[in-house]
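The values are calculated or read from the model by the stated rules, or taken from the named source; none is laboratory data. All of these numbers come straight from a predicted model, not from anything done at the bench. Heads up, the Cβs are rebuilt from the backbone with ideal geometry, glycines too, and the neighbour counts pull from every protein chain shown.
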Amino acid sequence: MNIIPHIKENGRKYILGILFLTACFVWYSMLLEALRTKLTVAFLDIGQGDSIFIEAPNGNQILIDGGSGASVLRKLSNVMPYYDRSIDVVIATHPDKDHVGGLVDVLNRFSVSYFVEPGVLGTTDVFKSLEKSVESHNVKKVIARRGGNIDLGDGVVLNILFPDHDVSRVKDTNDGSIVARLSYRATSAMLTGDAPQSVEARLVALFGKKLESNILKLGHHGSRTSSSAAFLGYVNPAYAIISAGLNNSYGHPHKEVTDLLEKFKIPTLKTYEDGTIIFKSDGDNIEKY
């Protein structure tokens, strides 16, 4: 039996398969590069907690918080190229587990250049493990203060609005939570961690109408302790984001907050309903993907 024709046929199929996979890879790479011409802001669906992934058009990245556990890695794999194993800046808004619990896993998986925190003294085992991980991976630590900024290039800047004083010994860790405003030319996002209404009032007094942003990530998962009417009015967002777990034990978001959002007619997206929420901005317009 002459098996040469079959070998040739199988060889042709093999070559065609390789060419097809190569074409798919090239197409995928081109798609990623096309998407990278825009700013990406992704509110990751990590259950009851916060985690926000930011990528500038040039590829520079920030991760703000990491939820309560390793699930953040799976969620990051959906918004980052599979070959990417570095994140430029990781920010812990404050030491609560539902914000920092997954960051040890992030530091173990990714090469991180800078770790930014407010300086709140965390006493939990989770936060102590995070501090040890930052040290063992030789990540440069920075204490966030108002007036500081992270310039990602291409016009993308994350400005720190709070804390504006030493918060190392606050009784409630939320009182020291980092609040930052991300801007890309004419578009912006207000990212509030778990900042309470007392911090919001301070920001209103300091910045007033300068707080206005296209997107507002509501403080403390939509808790009644955050999102005052005055703050919502000054931020005046086109979208409000609530990062929370389905049927969580805290009852987040609280009805007082959702009622207020309805009163202000602010479209609201929730991670427990919408999954990971992704926005793209070209600097002039910002759109949900």
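Is there a residue being within 19 Å of residue 51 (Cβ to Cβ), surrounded by 18 or more Cβ atoms within 10 Å (Cβ to Cβ), assigned by TED's automatic domain parsing to the domain that holds residue 57 and of a type in the set (Val, Ile, Thr) anywhere in the range 180-190?
no
Among 119, 47, which is closer than 30 Å to residue 168 by Cβ and under 14 Å from the mean Cα position of the chain (by Cα)?
47
Any residue at all in the range 244-251 that's surrounded by 17 or more Cβ atoms within 10 Å (Cβ to Cβ) and touching a strand residue (DSSP E or B) at 6+ places or on another chain (Cβ under 6 Å)?
no
Within the range 163-179, count every residue that is in contact with a Ser or Thr (Cβ under 9 Å, 6 or more places away or on another chain), surrounded by fewer than 24 Cβ atoms within 10 Å (Cβ to Cβ) and either β-branched (Val, Ile, Thr) or in a strand (DSSP E or B) (or both).
Going through the range 163-179, the residues in contact with a Ser or Thr (Cβ under 9 Å, 6 or more places away or on another chain) turn out to be 163, 167, 174-179.
Adding the requirement that they be surrounded by fewer than 24 Cβ atoms within 10 Å (Cβ to Cβ) leaves 167, 174-175.
Add one more test, that the residue is either β-branched (Val, Ile, Thr) or in a strand (DSSP E or B) (or both), and what stays is 167.
Matching residues across the range 163-179 total 1.
Test residue 157 against the stated conditions and say whether it is touching a residue at least 24 places away in the same chain (Cβ under 8 Å) and part of a strand (DSSP E or B).
Against the criterion (touching a residue at least 24 places away in the same chain (Cβ under 8 Å) and part of a strand (DSSP E or B)), residue 157 qualifies.
Look through 272, 250 and report the one residue that is in contact with a Leu (Cβ under 6 Å, 6 or more places away or on another chain), touching a residue at least 40 places away in the same chain (Cβ under 8 Å), on the phi < 0 side of the Ramachandran plot and in the same structural domain as residue 71 (by TED's automatic domain parsing).
272
Please note which helices (runs of 4 or more DSSP H) are completely contained in the range 195-289 and include at least 1 residues that are within 21 Å of residue 75 (Cβ to Cβ).
271-274
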